[in-house]
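Down below is the structure, laid out as structure tokens.
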Amino acid sequence: MNKLYTKLELLYSRITGNVAFYPSLIAFMGLALGFLMSYAEQQGISKYLIDTIPALVINDADTARTLLSTFIGGIFSLMVFSFSMVMLILNQASSNYSPRILPGLIANKRHQVVLGFYIAVIIYCIIILLSIEPEQSKTQLPGFAVLIGIVLSIHVLAAFIYFIHSISQAIQINNIIDRIYKVSRDRIQQLIDTESDPKGVDVFKDNDSWQSYTTKFSGHLNDIALDSLVDFCNEHSCKVSLLVPKGSFVLDSTKIVSVNKDLDEEAIEALRSCFGFSRSEIVKNNYILGFKQLTEIAVKAMSPGINDPGTAITCLDYLTELFVLRMQKRDNSFVTDKDGNALVSLRTINFEEVLYFIFASLRQYCKADFIMLHKMLQSLRYLSTSNALKDEYTEAIINQVQLIIDDASQFIKNESDLAILNKVASEVQAS
């Protein structure tokens, strides 16, 4: 039963995260509305309205068919135009910024709702059009249902205008950066809010002798059924330690988890079922991807083909804010039972690793640019004065400052520029 629950939980996560989920759901609502209105017409709703409010009812079969056919063809044209434009914009975003941002743009819920609404209205109009028979009398025509189709089609025009406005805003680089920052910030804050002081964490310090188990799948480890893992630990009286961080790409037959006791085949399969893999990365599940995306946008902006240092500086500002928040999070994370006992140790990327690899990429592509080096040192100076949960975080910042100065001394030939950079670095090291 626990294994089935885990599979259903992971399946639900995949379905709701799919790009086609909301369009399919809204399209089904359009189908249901079409059949509902067909049933209402059979109960004589149009006949009742003709007797009470005749102005609301379309009472000519040719007019009704012409209107519905026009709506169907027109909405199809709007769909083709709208999402042809989306493809062009996505291609531009991939070329100018980073291919990594495309999933976030495609998964925009507002655009999915607009697409679903288009499809829903088309399905509704088709159902009502099919219900119109050539020889129907005026009292038998689905006049009120046609009126609803007219109202929905007018709303399609409003949705189209909204879509044009939304997609033009979404593609602006400042909005893209801000969206990535907010999703990553919310994820880090969520992890900070759920941190506690669990009991029994010492047992995880010496887990080299634990029994390791591999995965039968490959892909990004995006889903971990933590509740099921806790139930698994309680059921088998064991401790579980993850060997790979969530969101990382795992190859087939890679060791992903270790347990402090030997398990039989049935228990191993139950343990494996707690992990879900996909072929794409999701920022809301892995805040590290947000760091990567902002870094890649900054690096792309500094390339000779783009040459947009302003965007790179903006990305560095947002990265600094994320690092300030990350300094409030522990490097070790645990999942506990209801009594606060640590049962699962989660493998996380520590602060020093994140800081090093982010600034290593920036140093590689900006080591000859005085403005970017100065901005990087200013960001590190700000981080060094911010509250840090551990002293090791501040030490990692100081080490990164020295690496920047080492690169600057090799690639910056102007003595005045070097003096300014060394001054900022000295301020960081003295703080």
query = If you place +1 on the Cβ of every Lys and Arg, -1 on the Cβ of every Asp and Glu, and leave all else neutral, what size is the dipole of segment 373-431 about its Cα centre, to the nearest 20 Debye?
reply = 180
request  = Could you please state, rounded to a whole Å, how far the C-alpha centre of segment 344-394 is from the C-alpha centre of segment 322-343?
outcome  = 21
task = Compare ASP60, ASP262, ASP51 in a GNM of the chain, Cα atoms joined below 10 Å, and give the one with the largest fluctuation.
result = ASP51
remark   = Rounded to the nearest 500, the 222 nm mean residue ellipticity computed for the chain from DSSP H runs (n ≥ 4, each -39500 (n - 2.57)) alone is -21500 deg cm²/dmol
inquiry  = At 1.4 Å probe size, with the rest of the protein present, what percent of the exposed accessible area of the chain is carbon and sulfur atoms?
reply    = 57
key: Kirkwood-Stokes translational diffusion coefficient of the chain, alpha-carbon pairs, 25 °C, 0.890 mPa s, µm²/s   = 95
query = Per residue, how many Å² of accessible area does the chain show with a 1.4 Å probe?
reply = 51
note = Among LYS199/LYS338; LYS261/LYS329; LYS367/LYS423; LYS182/LYS292; LYS109/LYS182, the pairs whose Cα-Cα distance exceeds 19 Å are LYS261/LYS329
query = How much accessible surface area, in Å² rounded to 10, belongs to the heavy atoms of HIS165 with a 1.4 Å probe?
reply = 100
request  = Note down the accessible area of TYR39, probe 1.4 Å, to the nearest 10 Å².
outcome  = 130
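The values are calculated or read from the model by the stated rules, or taken from the named source; none is laboratory data. The structure displayed is predicted, hence computed values, not measured ones. Neighbour counts run over all protein chains shown; Cβ positions are idealised from the backbone, glycine included. Please note that ligands, DNA and RNA were not included when accessible areas were found on the heavy atoms of the full protein model with its side chains. Shrake-Rupley method; radii C 1.70, N 1.55, O 1.52, S 1.80 Å.
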